[in-house]
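Following: one structure in structure tokens, then a few remarks.
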Amino acid sequence: MHWTEADTDRSARWHSESAAPMPRHVVVADDTLRADTAYRLACEGTALLWRGDFQQARQLLQALRRRIDRITLPRGDSVAESFHLYRRARGHRARVLGKLVVELSADHTLELRRAPDLRRVCAETYGSPGEPMVVAFTELLGAIGAQQWRAKGVEVPALGARIHPHYGVFSPVRGEYVDLVARAPLSGGGDRTAFDLGTGTGVLAAVLARRGIGRVVATDINPRALVCARDNIDRLELAGRVEVIGPDLFPHGRADLIVCNPPWLPARPTAAVEQGVYDPDSAMLHGFLDGLTTHLAPGGEGWLILSDLAEHLGLRTRNDLTDAIAAAGLRVLDRLDTRPRHTRPLEPTDPLHTARVAEITSLWRLSS
């Protein structure tokens, strides 16, 4: 990324975890920049390379958020249309806020007044330092928050322990799907093998091991998830029973139990962490269903953990799901349902409020 500063041509590598395009226009900004001017420039696509105070950058970001949030979220003629309009509005919001950018030096130092020492945070997020780079300030704040979650961990009652999510890995803050796996009927002895597909933090693999499964193989396509899951499995002292591998969806061989909690909404993710929520064309869901008969041991079960939010949003019908199950040569043995526990209160002004209120999370027990 190139810009002019103090009559000198400058450049640094542009980096975006969400694959946002490099800004074409850059202006140097500091504490003298008015919020209205910053908002206008950001909406026009101009990046604001911040050289002022770190805390002032936080305040400017809040001012930009307030201006964006004054815009009423659009509603469509259908729930599905409202969802797509909502996603479009959220995308616009992210693009505007992402125009406030900062430069990290070659050793990941953020050279702003009152800036904290972020070298460890940046090393955990971006890897070993090497060259200066420019990142969105929102992304950097997200990395700071993720590092705090990683250090503190998330309490998982079904484990009686904490899971420590890494940056870019979906956190198990909504624990109803974990509880479903913890209470679903499980038969057999400790010689059983289970696969946990799309393991993320490794929480479900850990629950299965704690329930007496002798061998659990956990997979994920996300390199960060593989590191995160191994870290959590080591913390829980389960490395002797849980193996974490990737990047294929299914490991080799067959298992007595195959568990999958795929992303629940068939839409395109706009950031790496959203891969835990959005699954374009339900690719992972269909990959799981279509591969079950090949990888299940005789008499084995597949557990599909899935919210019906996509059905309430008009993105998928219940018949679409049951037809896909039948087409894969599977039958439904049972279904366990639970209401989700949202971490934030549901706002009636949310255009998707009705769908969220009606949501049910289910564990489908399948056999070939």
Across 10 Å bins from 0, what is the distribution of all Cα-Cα pair distances for the range 245-291, in whole percents? 25, 51, 22, 2
Under a Gaussian network model of the chain whose springs join Cα atoms within less than 10 Å, the largest fluctuation of T293, T32, T338 belongs to T32
Let me have the 222 nm mean residue ellipticity of the chain computed from DSSP H runs of 4+ only, each contributing -39500 (n - 2.57), with the sum over all residues rounded to the nearest 500. -10500 deg cm²/dmol
By accessible area of protein heavy atoms, probe 1.4 Å, what ranking do T8, T354, T361 get, highest first? T354, T8, T361
Candidates R24, R75, R235; GNM for the chain (alpha-carbon contacts under 10 Å) flags as most fluctuating R24
So for H166, H15, H2, what's the accessible-area order with a 1.4 Å probe, most first? H2, H15, H166
Along its three principal axes, how long is the range 166-205 when you only count alpha carbons? Whole Å, largest extent first please. 36, 19, 12
Most fluctuating residue of E311, E139, E44 in a GNM of the chain with Cα springs under 10 Å: which is it? E44
Bridge orientation stat for the chain from DSSP, antiparallel percent rounded to 5, came to 45
Once the principal axes of the Cα atoms of the range 222-335 are found, what is the range along each, listed largest first in whole angstroms? 41, 39, 22
Most positive-pole-ward Cα, F83, A42, M1, against dipole of the range 1-99 from beta carbon charges: F83
With a sphere of radius 15 Å drawn around the Cβ of G190, what net charge do the other residues whose Cβ falls strictly inside it have (Lys, Arg +1; Asp, Glu -1)? +3
Could you give me the ³J(HN,Hα) list for the range 193-209, computed from phi with Karplus coefficients 6.51, -1.76, 1.60 and θ = phi - 60°, whole Hz, x at Gly and Pro? 10, 10, 10, 10, 8, x, 5, x, 6, x, 5, 6, 4, 5, 4, 5, 5
Report the label-to-label distance for A35 and D107 in nanometres (one decimal), using points 7 Å from each Cα along the Cα→Cβ vector. 3.6
Per-residue HN-Hα couplings for the range 216-224, Karplus 6.51 cos²θ - 1.76 cosθ + 1.60 at θ = phi - 60°, whole Hz, x for Gly and Pro? 10, 10, 10, 10, 6, 8, 8, x, 5
Among 143-156, 173-186, 252-265, how do they line up by average Cβ neighbours within 10 Å per residue, starting with the highest? 252-265, 173-186, 143-156
If you stretched the chain out fully between T322 and E131, how much longer would it get, using 0.36 nm times the residue separation minus the C-alpha to C-alpha distance? 63.6 nm
Using a simple spin-label model with points 7 Å from Cα along the Cα→Cβ vector, what separation in nm is obtained for Q59 and R174? 3.7
For D77 and E237, what is the calculated FRET efficiency with R₀ set at 41 Å and r taken between the beta-carbons, to the nearest 0.05? 0.15
Cα-centre dipole for the chain with unit charges at Cβ (Lys and Arg positive, Asp and Glu negative), debye to 20: 740
How much of the calculated P(r) for the range 1-53 lies past 12 Å, in percent of all Cα pairs? 69
State in Å² the accessible area per residue of the range 1-158; use a 1.4 Å probe, count heavy atoms of protein chains only, and round to the nearest integer. 55
Work out how much length Q148 to A115 would gain on full extension: take 0.36 nm times their residue separation and subtract the Cα-Cα distance, in nm to one decimal. 10.2 nm
With viscosity set to 0.692 mPa s at 37 °C, what whole-number translational diffusion coefficient in µm²/s follows for the chain from Stokes-Einstein and a Kirkwood radius over Cα pairs? 146
FRET efficiency estimate (nearest 0.05) - Cβ-Cβ, D7 to V357, R0 56 angstrom: 0.45
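The values are calculated or read from the model by the stated rules, or taken from the named source; none is laboratory data. Please read all numbers here as calculations on a predicted model, not as lab measurements. We place every Cβ from the backbone using ideal geometry, glycine too, and count neighbours over all the protein chains shown. Accessible surface areas use protein heavy atoms only, side chains included; no ligands, DNA or RNA. Shrake-Rupley method; radii C 1.70, N 1.55, O 1.52, S 1.80 Å.
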